[in-house]
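A.B. asks: One structure coming up, written as structure tokens, with questions to follow.
The values are calculated or read from the model by the stated rules, or taken from the named source; none is laboratory data. Because the structure is a prediction, the values reported are computed rather than measured. A quick note on method: Cβ atoms are made from the backbone with ideal geometry, for glycine too, and the neighbour counts reach across all protein chains shown.
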Amino acid sequence: MPTLLRGWCCSLLVIGCCVPVASLAAPAGSGIPATTEGLVKVPSKRLAAVYLLPGADLRAYTKIMLDPVQVSFRKGWLKDINRSRGVSRKVSEQDAQEIAAAMRSGFEDIFAAQFKAKGYEVVNAPAPGVLRISAEIANVYLNAPNAMDEAGVRTYTVEAGEATLALAGRDSTSNAVLGLAVDHRTTGGVGRATLASPANNRFQFEALFRDWARACVLGLEELKARSPLTPRSGTKG
């Protein structure tokens, strides 16, 4: 994904339920601003932190351009997971990359489907009326990548894991940042421990991605209704 604003890289810091934009470096070219300078924080009941450009008018955006999503694991996750696993069942770097690739694919498909369901056309090139969205799934922590260890001991979990979403929206032709959102969540389990497996992990994370996609689509619709935006503009519900 190309860097859209010079000198910017992504950074996040998750502290409890507060998710300010601060010091977790993301892959270069993630497209997520490292600063909220020029943006104003607005109230949102859907996402932990939302920042908007005062005066922005979102009513003209009827099309969406989705940049390839970036996925990064929490620092030390691989070491933590392997510390408690048998030698023959260690999670390799390749395993981690395959998990990240599955998350990227699932996230992009889900976001595109949610926007299409609301009447937005998903396009691949900048143009007037196109809102460009850059997203990163950071701080991913998968509780149990595999169902059992080398001794055949099964692993059960209530939640598959947790992650942080960072998302930036910008005008596709001018590259002007119109908004930034950050949200940290744990996957929603079924209320009881279930056998950990790649299929169950993917099911729970994709449910989380759908929740984020719905929040973003509904939030955009509300902001369009309030455009042009003022420092008091925000999203309800």
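A.B. asks: Can you tell me which residue among 117, 102, 144, 96 is hydrophobic (A, V, I, L, M, F, W, C) and modelled with pLDDT of 95 or more?
C.D. replies: On the way: 102 fails: modelled with pLDDT of 95 or more; 144 fails: modelled with pLDDT of 95 or more; 96 fails: modelled with pLDDT of 95 or more.
That would be 117, the only listed residue that is hydrophobic (A, V, I, L, M, F, W, C) and modelled with pLDDT of 95 or more.
A.B. asks: Being among the hydrophobic types (A, V, I, L, M, F, W, C), within 13 Å of the chain's Cα centre (by Cα) and within 19 Å of residue 214 (Cα to Cα) is the filter here; which residues of region 91-134 pass it? Lay out the reasoning, then the answer.
C.D. replies: Taking region 91-134 and keeping what is among the hydrophobic types (A, V, I, L, M, F, W, C), we get 91, 96, 99-103, 107, 110-113, 115, 117, 122-123, 125, 127, 130-131, 133.
Now drop any that are not within 13 Å of the chain's Cα centre (by Cα), which leaves 100, 103, 107, 110-111, 133.
The answer is 103, 107, 110, 111, 133.
A.B. asks: Search region 84-110 for residues that are more than 28 Å from residue 132 (Cβ to Cβ) and of a type outside the set (D, E, K, R) and pair each with any residue that is assigned to a helix (DSSP H, G or I) and at pLDDT below 90 when their beta-carbon atoms are under 7 Å apart and the residues are at least 6 apart or on different chains.
C.D. replies: So the pair list comes out as 91/81; 91/82.
A.B. asks: Taking the criterion of being polar (S, T, N, Q), in contact with a strand residue (DSSP E or B) (Cβ under 6 Å, 6 or more places away or on another chain) and at pLDDT below 95, would at least one residue in region 148-170 satisfy it? Before you say what the answer is, go through the steps one by one.
C.D. replies: Residues of region 148-170 that are polar (S, T, N, Q), as a first pass: 155, 157, 164.
If we keep only those that are in contact with a strand residue (DSSP E or B) (Cβ under 6 Å, 6 or more places away or on another chain) as well, we get 164.
Cutting the leftovers down to at pLDDT below 95 gives us none.
Within region 148-170 (the criterion being polar (S, T, N, Q), in contact with a strand residue (DSSP E or B) (Cβ under 6 Å, 6 or more places away or on another chain) and at pLDDT below 95), the answer is no, since none of the residues qualifies.
A.B. asks: So, one more: I need the full set of residues from region 186-212 which are surrounded by fewer than 21 Cβ atoms within 10 Å (Cβ to Cβ) and modelled with pLDDT of 95 or more, in order please.
C.D. replies: 210, 211
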